[in-house]
Amino acid sequence: NEVDRCTALTESLLALARLDPERPESLAKEPVDRGALFGRLAAARPIGFDAAVRADARGLVLQAHPALLDSALRNLIDNALRYGASRVTVDAVSTGEGVRIAVRDDGPGVPDADRARLTERFFRVLGTGQTGSGLGLSIVARIAALHGASLRFEPGIDGRGLGVVMEFSVP
């Protein structure tokens, strides 16, 4: 278990070290097929992942780095499951100005006082009983920033749990 934890920490630190020097204007982006993206998420679903994955962003092309977008979404899904969600939804919808991707769960949620700190490196909400390094949401925030996307936290499914929303602008 300790080797696995050290490996996960090292991989997270390496991911952040690779992302830090990147600039949004130099990030290699390409059109992302949301159907294929969500298909990969559903195919790679971890044990216990019984998510509803819906895409309603017809006609819009999301320019993104596919591997980084995959990484951010997998991280959010893994977090939801790790912290007690029994249901997770992943939605992509057209907003008129872009695409909003939301990962919502029905877990215990995060107190409002802690939400502002969720993207800080090494920050962990106390009392969860879960192991981790506190780097996952920092990685998601960095990936969102590189894509020029906003990132916010809101209530999850039926007002319970946590919702993580990334808003991408379409040029």
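The values are calculated or read from the model by the stated rules, or taken from the named source; none is laboratory data. Being a predicted model, the structure only gives us computed values, none of them experimental. Counting neighbours? That spans all protein chains shown, and the Cβs are built from the backbone with ideal geometry, glycine included. Side chains are part of the model used for accessible areas, which takes the heavy atoms of the whole protein and leaves out ligands, DNA and RNA. Shrake-Rupley method; radii C 1.70, N 1.55, O 1.52, S 1.80 Å.
Worth a mention:
- Stretched out straight at 0.36 nm per residue, the stretch from Glu22 to Arg82 would grow longer than its current Cα-Cα span by 18.7 nm.
- Close amide H contacts of Gly98 (hydrogens built in the peptide plane, cut-off under 5 Å, sequence separation of 5 or more or a different chain): Val170.
- Residue-wise HN-Hα couplings along the stretch 154-170, as the Karplus relation 6.51 cos²θ - 1.76 cosθ + 1.60 with θ = phi - 60° gives them from phi, are 8, x, x, 5, 6, x, 9, x, 10, x, 10, 10, 10, 10, 9, 8, 9 Hz; Gly and Pro carry x.
- Nonlocal amide H pairs with Gly109, under 5 Å, H built at 1.01 Å: Gly161, Leu162
- A probe of 1.4 angstrom, applied to the heavy atoms of all protein chains, finds Arg104 with accessible area near 50 square angstrom.
- Charge tally around Ile139: other residues with Cβ under 13 Å, Lys/Arg +1 each, Asp/Glu -1 each, net -2.
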